[in-house]
Structure formats: structure tokens, C-alpha cells
Amino acid sequence: SVQRAVVTIGFEAVKELALATTVVDCVQRARQSVLEAADFWMHSFGAGKAAQLLAISSGRADAAPLCFTAGILHDLGKLLLAITLGAEYRQHTRYARQLGLRLCDVEQREYGIDHAEIGEAFLRHWRVPGTICDCVKYQYVPAAYPGEHRLEVAIVSASSEISRLCQFGNGGDDGPFRLPPFHDLACGPSAEALTETIAALPPFRAEAAELLNVLRPTE
């Protein structure tokens with residue numbers, strides 16, 4: 001029950017999980033054939049869990065629920081592009097994969113905008129909390145973020161790469177691994193926190209698979 005969930009994991013965690021699952025449920029019902037759904041969401045859940053663990057390892061357990069939600073939703077823009085553009089977007093994903101390029105760079109070249117910006121615009125239109133929107137928008141350029149939630153942005157920026165490194169599904173991006181240069185940021189997770197999170201994430205693969213099964217849309 002909701003009451004038991006609140007008692008067990010706290011109100012903020014329940015609120016953020018409800019937000020994430022509502023967005024996931026809505027978007028999953030739109031048909032697309034570019035991204036393999038199970039792989040895509042497994043990667044997203046891996047990023048969410050990595051962001052949660054990294055927040056805790058960074059001494060910010062209070063930010064863990066928000067980071068978890070932002071991590072799950074960080075690649076939403078890819079799914080929106082796949083739904084909207086179909087075969088055209090499939091060509092770009094194949095091109096990026098064949099040449100070992102990051103998908104966001106190919107999108108910028110083709111459209112002058114990338115999936116991070118598109119995902120942020122969609123979430124802001126849905127009135128998702130601004131910090132989550134910022135984490136999605138600045139995931140590839142955390143140093144450019146001008147606000148006060150620099151650690152949260154940096155955590156979500158790292159979470160996708162950690163999910164890839166730990167082989168949680170596939171978000172449609174096979175470009176080179178590229179953790180942000182946190183030494184250039186005024187605030188970011190430590191090397192120790194990153195190492196600890198990378199070691200802690202793999203055992204949660206079964207939990208992510210279970211959540212994915214719960215959220216699988218019914219026909």
C-alpha cells in the first residue's frame with residue numbers, strides 16, 4: 001500500500017518513484033521500433049539506481065530520491081525522437097554506432113538540438129520539478145549548469161556512464177565512455193564515491209529487471 005511504502009522508504013522517495021513511473025507508463029504506450037524497449041529501460045533504471053547510490057556515497061542521502069528519478073528519465077528525449085521520427089532516427093542511431101560517435105553529437109549535427117534538451121523541454125512542459133529538468137538538460141555539459149544544484153546535475157551526468165559501464169541494458173548509445181571532468185566543476189562527486197558506486201551497482205540488476213516487469217505496459 002501507499003501508506004506502507006511511505007513508512008518503509010519515506011514520502012519523498014514514494015513521491016519521486018510515482019512521478020518517474022507515471023512518465024514511464026505514459027511514454028511506453030506510444031509505439032516505436034527504433035530502441036529496444038527492455039534494453040532502453042534497463043539502462044535507464046541502471047542510471048537511476050547509480051544516481052541514487054552516488055548521491056548517498058556523496059553524503060547527500062536527502063537528494064537520492066530526486067537523483068533516482070532524474071536518472072531514470074535522463075534519456076527520455078531519445079524515446080521521444082524515436083516515437084516522432086521513426087526510421088529517420090534509426091538511421092542516426094546506426095550511424096552513431098558504426099562510427100563510434102555519441103548519439104547526442106549526431107543529433108546536434110542533424111537537428112541543432114539533442115535528446116537531453118528535448119527531454120528537458122518535455123518534462124518542463126509536464127511541470128516536472130525544475131531540478132530534475134536541469135539534471136536532464138545538462139547531463140552532457142554539467143560545467144555549463146548555472147544553478148545551485150551542481151552536485152545533483154553532476155551525479156546524474158555520471159549515472160548514465162556508470163550504467164553503461166556496469167552493462168545495464170542499452171540506451172541506444174554505443175559511443176565512447178566519457179565520465180564528465182569533475183575536477184573542472186566547483187562541486188561534483190569524488191573519485192571515491194564514483195568507485196564505490198560502480199562496485200555497488202551490479203547486484204541491483206535483478207531489482208531493475210523486476211521494476212521493469214512491473215511497469216511493462218499491458219496490451
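Applying the criterion of being free of Cβ contacts under 8 Å to residues at least 24 places away in the same chain and among the basic types (Lys, Arg) to the residues of the range 123-155, the residue that is farthest from LEU73 (Cα to Cα) is ARG127. Among the residues making up the range 187-203, a single one is at pLDDT 90 or above and of a type in the set (Asp, Glu): GLU196. Within the range 46-57, the residues that satisfy the criterion of being open to solvent by less than 10 Å² (accessible area, probe 1.4 Å) and either of a type in the set (Ser, Thr, Tyr) or closer than 17 Å to CYS166 by Cα (or both) are GLY46, ALA47, GLY48, ALA50, ALA51, LEU54. Reported count of residues in the range 162-186, each being part of a helix (DSSP H, G or I) and modelled with pLDDT of 85 or more, is 4. The set of residues in the range 161-172 that are open to solvent by less than 20 Å² (accessible area, probe 1.4 Å) and either of a type in the set (Lys, Arg) or closer than 13 Å to ASP75 by Cα (or both) comprises SER163, GLY171, GLY172. In the set ALA121, ALA158, only one residue is modelled with pLDDT of 90 or more, surrounded by 21 or more Cβ atoms within 10 Å (Cβ to Cβ), assigned to a helix (DSSP H, G or I) and not charged (D, E, K, R); that residue is ALA158.
The values are calculated or read from the model by the stated rules, or taken from the named source; none is laboratory data. The structure presented is a predicted model; accordingly, all values stated were derived computationally and were not measured. Note that we place each Cβ from the backbone using ideal geometry, even for glycine, and neighbour counts take in every protein chain shown. Accessible surface is based on the protein model in full, side chains and every heavy atom, while ligands, DNA and RNA are left aside. Shrake-Rupley method; radii C 1.70, N 1.55, O 1.52, S 1.80 Å.
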